Structures are given as structure tokens and as C-alpha cells.
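Contents: one structure, followed by commentary.
Bear in mind these aren't lab numbers, they're just calculated from the coordinates by the rules spelled out. All figures in this text were calculated on a predicted structure; none of them were measured in a lab. Counting neighbours? That spans all protein chains shown, and the Cβs are built from the backbone with ideal geometry, glycine included.
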Amino acid sequence: MIPTGLLGAIPSPSGNSISVGPLDLRAYGLMIALGVLAAVMWSQRRMAARGGDPEDIAALSMWAVPAGLIGSRLYHVATDWRSFRGRWEDVPAVWQGGLGIPGGLMAGVLVGVLVARRRGLTMAAAMDVVIPTLPVAQAIGRWGNWFNQEVFGRPTDLPWALEIDAVHRPTAHLDAATFHPTFLYEGLWNVALAVVLVRVERRGILRPGYIVALWVFGYGLGRLWVEALRVDAASLIAGVRVNTWMALVAILVGGAVAWTGRILTGATAGDDGMTR
């Protein structure tokens with residue numbers, strides 16, 4: 001067993017549900033719901049500050065959020081289909097954990113774009129409002145992994161190591177008690193990414209609408225080093241984790257698109273363009 005650092009370790013919850021009166025809520029789903037709520041509320045404030053209608057955000061969320069959840073689950077099932085063999089009835093059981101963030105982001109953004117178009121919103125402006133709030137939703141949602149004792153990294157004795165019960169440890173590391181809290185690393189990275197996106201947007205470094213590319217680049221960069229720490233079972237392509245390949249594609253595509261969207265004149269951000 002790996003000893004913990006002098007400052008101890010982060011304990012894991014004894015259960016994955018939270019009791020609220022007579023209700024027994026799955027912590028995983030609750031964290032996702034709180035993340036979505038935070039992103040929607042912040043997006044509405046950002047929309048109002050630009051002279052837009054906050055109700056447009058509510059309309060977008062009504063369609064984009066369910067699409068994101070479905071996309072997340074389908075991505076997880078597609079990239080980890082072997083674990084569902086013989087139990088395909090568990091595919092809809094999202095409360096048990098198992099959401100692939102890349103799939104959710106792609107599906108949610110795509111549906112959001114379609115809904116925004118139907119409501120006559122300027123696409124670039126709508127993107128600039130919503131995108132910086134998404135990393136915050138991701139950061140909050142990642143705490144659901146803490147309750148489920150999942151998405152942790154290789155064994156470590158660092159002071160902030162995460163205690164994992166034996167039943168949740170990979171077979172290759174049954175003798176280890178503490179692991180890298182990769183869910184926390186990714187959460188902190190996403191908070192920092194949200195700050196960067198807001199600062200870049202306020203300084204007018206990118207043309208309207210291109211903030212989404214910077215988000216894709218930043219998310220891919222963070223996911224790349226987090227994936228390098230993880231030891232949970234994953235589907236491989238050429239011996240490399242699927243999500244590592246996804247992160248590399250996100251870095252290359254997001255970085256290239258963001259580079260083309262730079263404002264080279266140093267001009268300040270222009271009109272938010274929320275007019276329909």
C-alpha cells in the first residue's frame with residue numbers, strides 16, 4: 001500500500017447518493033444538474049448584459065441540454081461498448097456514471113446552433129455568450145465522479161491524493177490506496193479555461209464566434225495530460241486511449257481555427273450583434 005503524504009489525502013464519499021428529506025438523489029446526476037444550472041444562469045446574465053433576451057438562453061437550453069446528455073451517453077457507449085456486452089439494458093442508466101464529455105459537447109453545441117438559427121439569433125454572438133460558461137458546467141459536473149469513485153489516475157502518495165475503496169480500484173493496483181484525483185485536475189483546468197475565455201473575449205483578441213475554437217483547443221490540451229494519468233479501462237486505437245486521440249484532434253483543429261480568427265489590428269471587441 002502506498003503511504004499518503006504528511007498532509008493526509010482526500011477522502012472519497014461513503015456513498016454516491018445525497019438524501020434531501022424523503023428524496024434520495026444520485027450525486028452524479030445532481031452534480032451534472034448543478035453544472036447545467038450554473039451555465040444557464042451565467043449565460044442568461046451574459047446575454048442580458050449584451051442587450052439580448054435571456055429567454056433565448058432558456059430556449060436553447062431546453063433542447064441543447066437533453067441533446068448533450070444523450071450525446072455524452074452515446075459517446076461513452078460507443079467508446080466503451082465492450083463493457084456493455086450482455087447488459088445493453090443498462091445503456092440508459094446514466095445515473096450509474098459513464099458520460100463521455102466530448103460527445104455531449106458536440107451534440108449540445110450542434111443542437112444549440114440549430115435552435116439559435118431558428119430563433120433568428122446571430123450565431124457568432126450566441127456562441128460568444130454561451131461558450132465561456134461551458135467549462136464551469138464541466139468543472140461542477142466532474143464532482144459526480146468523486147461520489148462514484150471513478151475517473152482517477154495512477155497511484156500516488158502526494159498530499160492531495162485521493163483515497164479509493166478497494167472495490168473501485170483497478171485490478172492492477174489493488175494494493176494502492178491513494179490515486180491522482182484526475183477529476184479534480186480536470187475541474188480546476190476547466191475553471192482556469194473559463195477565466196481565459198472571458199479575458200480573451202473581453203480583450204477582443206478573436207473575431208466574433210471564434211471563441212468556440214479556443215475552447216475546443218483548451219479543453220483538448222487539458223484532456224490530453226489528464227488522460228495520460230488515468231488508469232481506468234478504456235478502448236484503445238493503436239495502443240492509445242480513444243480520448244487521447246480525441247484530445248489531439250481537438251488541439252489541432254481548435255488551435256488552427258482559433259489562429260485564423262485572430263484580430264491582428266489590436267482593435268477592441270466590436271458590436272455583440274445580438275440583434276435578430
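Quick one: which residues, 5 or more positions from Ile263 or on another chain, have an amide H under 5 Å from its amide H? H modelled 1.01 Å from N in the peptide plane, none for Pro or chain starts.
Close amide H contacts, sequence-distant or interchain: Leu206, Arg207.
Which residue fluctuates most in the GNM of the chain (Cα springs below 10 Å): Asp24, Asp56, Asp165?
Most flexible of the set in this elastic network: Asp24.
Report the one residue of Leu114, Tyr75, Ile251 whose Cα lies farthest in the direction of the positive end of the charge dipole of the chain (charges on C-beta: Lys and Arg +1, Asp and Glu -1; origin at the Cα centre).
Final value for the positive-end residue is Leu114.
I want to make sure I understand the PRE zone here: with the label point 7 angstrom from the Cα of Val240 toward its beta carbon, which residues in region 210-232 have backbone N atoms less than 18 Å away?
Inside the label zone: 217-231.
Using only alpha carbon pairs under 8 Å that are at least six residues apart, calculate the relative contact order of the chain and give it in whole percent. Spell out each step's value before the answer.
Details: 454 pairs, mean separation 66.1, N = 276.
24 percent.
Going by a ≥ b ≥ c, the root eigenvalues of the Cα gyration tensor, does region 107-151 fall in the rounded group (a/c under 1.5), the prolate group (a/b larger than b/c) or the oblate group?
Details: a/c = 5.09, a/b = 2.68, b/c = 1.90.
Prolate, because a/c is 1.5 or more and a/b exceeds b/c.
For the chain, what class follows from the C-alpha gyration tensor (a ≥ b ≥ c being the square roots of its eigenvalues): rounded when a/c is under 1.5, otherwise prolate if a/b is larger than b/c, else oblate?
Working: a/c = 1.86, a/b = 1.62, b/c = 1.15.
Since a/c reaches 1.5 and a/b is larger than b/c, the shape of the chain is classed as prolate.
Which of the helices in the chain meet the span-like rule: DSSP H, Cα axial reach of 20 Å or more, Kyte-Doolittle mean at least 1.0?
Helices passing the filter in the chain: 27-49, 101-118, 211-227, 242-260.
What is the sum of charges around Thr178, taking Lys and Arg as +1, Asp and Glu as -1, for the other residues whose C-beta is under 11 Å from the C-beta of Thr178?
So the surrounding residues net to 0.
List Trp160, Trp259 from most exposed to least, where exposure is judged by having the fewest other Cβ atoms within 10 Å.
Going from sparsest to densest Cβ surroundings: Trp259, Trp160.
Per DSSP H run of at least 4 residues, take -39500 (n - 2.57); add these up for the chain, divide by its residues and hand me the 222 nm value, nearest 500 deg cm²/dmol.
-17500 deg cm²/dmol
Please report the net charge: other residues with Cβ closer than 11 Å to the Cβ of Glu227, K and R +1, D and E -1.
+1
Which value, in debye to the nearest 20, gives the size of the charge dipole of region 101-255 about its Cα centre, when Lys and Arg are +1 and Asp and Glu are -1 at the Cβ?
Dipole magnitude for region 101-255 comes out near 840 debye.
For a quick check: sort Ser235, Ser12 by the number of other beta carbons within 10 angstrom, fewest at the front.
Ranked by crowding around the Cβ, least crowded first: Ser235, Ser12.
May I ask you to compute the full-extension gain from Thr260 to Arg45, defined as 0.36 nm times their residue separation minus their alpha-carbon distance, rounded to one decimal in nm? Before the final figure, lay out the partial values.
Numbers: separation 215, 0.36 × 215 = 77.40 nm, distance 2.90 nm.
Contour length minus the Cα-Cα distance gives 74.5 nm.
Once each part is reduced to its C-alpha centroid, what is the distance from region 27-59 to region 106-144 in angstrom?
Cα centroid of region 27-59 versus Cα centroid of region 106-144: 9 Å apart.
What dipole magnitude, in Debye to the nearest 20, does the chain give about its Cα centre under +1 on Lys/Arg Cβ and -1 on Asp/Glu Cβ? Walk me through the numbers before you get to the answer.
Values: 23 positive and 19 negative charges, 157 e Å.
Charge dipole, the chain, about its Cα centre: 760 debye, nearest 20.
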